[in-house]
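What follows is calculated from the coordinates using simple rules that are stated; it is not laboratory data. Note that the coordinates shown come from a computational prediction; the quantities given were computed from them, not determined experimentally. Note that each Cβ is placed from the backbone with ideal geometry, even for glycine, and that neighbours are counted across all protein chains shown.
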Amino acid sequence: MIVKQEKKGNVTIYYVDKDFDDTKLTQIMNTSLKRQQITHIIDHDADVYTVQGKLLLKFRKHKLNKKAVQLFYDNIIDFAKKPTNNRGSASGSRHKNVYNNPKIMTNIVGYFDKLSPKQKYNFKQQGIPLPKITVRETRFLQQHPDKFQQLIPLIQLINKYYKQYIPDKYESQYNKAKLTPFHIDDTAFTTVTTNVNYSTTVHKDSGDDIDGFGNLTVIQHGLYDGAETCFPQYGIGLNVRTYDVLYMDVHQPHANLPIVYKSHDAIRLSIVCYLRISIYNQTRGKSKSFMNKHIQLIHSNKNKTTNKNKTKTTNKNKTKTHKNKH
């Protein structure tokens, strides 16, 4: 609930208190939000603090430029629409096995901190022990490096406003990013998650830099209502739309209200940039040359397995031909 508000230039500053205690919060974790659970939707420039004075979020409308937004959308949308099951509690799933999670359109670009099942299989096929450092390029970066470069202008803009609006959190995170070569050029980020038409359940983010601040950008195509990003314990939500930036404490429980489609082709592409702390922990102090050799190791192992399988297929076909001749 909002207990106090004041104006500072064009920015409204809110102070909020909890609508309910942590016991009730535990009961709604991993559940979907309903409109009646949120009492106030913010759709203007705002800073929100708890009554204890802790910053909860900063929200700014119309900050991003059209060219960077369009470049990002055009180069990512086909990949972003691919369904995956790599979201757990945020999708409402309680399964420990990721393959039992519901399939949703959520994907990761940039760098990741775990080898894929296929990469592990390739190492096993070659009889090679898994590398101690499991950081890798994501599939998108590996397969579409030119498209990835087209994403960077928007990512750097998000980084710019992060530095401007949350300088203390930014500096801490940026200093960590600088220590690993596995980061996105000139930013405090290693990784970007994209979501298409995905309303998260009540959850806290994990795996990111605990000392940093989260962010959210949205690109809208077609028409929809809802999908506001909310902090249910405080009863507030933010109507994030194209060109807006939201910086928030993602270690506080948050979720989206349901999407209400107004056109059949409606798309809500949400973009979250962050530093995966395991990438930092595994590779801090490593050089660029180490990164290149490490990536080459993972790529070459894939090629060896592919060539090995091709050889097996060729030999098998030769055997069949030899038998047919007799």
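Remark: relative contact order (the stretch 2-302) = 24 percent; criterion is Cα-Cα distance under 8 angstrom and separation of 6 or more residues.
Distance from the Cα centroid of the stretch 167-192 to that of the stretch 126-148 is 20 Å (rounded to whole angstrom).
This model, with +1 at the C-beta of Lys and Arg and -1 at the C-beta of Asp and Glu, gives the chain a dipole about its Cα centre of some 2520 debye. Taking the number of Cβ atoms within 10 Å of each Cβ as an exposure proxy, the fewest-first ranking of I158, I133 is I133, I158.
Once the chain from R284 to Y224 is taken as fully extended at 0.36 nm per residue, the excess over their C-alpha distance is 17.4 nm. Per-residue ellipticity at 222 nm, computed for the chain from helices alone with -39500 (n - 2.57) per DSSP H run of at least four residues, works out to -11500 deg cm²/dmol. Annotation: the residues R139, R35, sorted from fewest to most other C-beta atoms within 10 Å of their own C-beta, follow the order R35, R139. Judged by the ratio a/c of the largest to the smallest principal axis of the C-alpha gyration tensor, the stretch 2-302 counts as prolate, that ratio being 1.5 or greater while a/b is larger than b/c. Think of each Lys and Arg Cβ as +1 and each Asp and Glu Cβ as -1; about the Cα centre, that makes the dipole of the stretch 163-288 roughly 360 debye.
Return the whole-Å distance between the Cα centroid of the stretch 23-51 and the Cα centroid of the stretch 197-249. The stretch 23-51 and the stretch 197-249 have Cα centres spaced 11 Å from each other.
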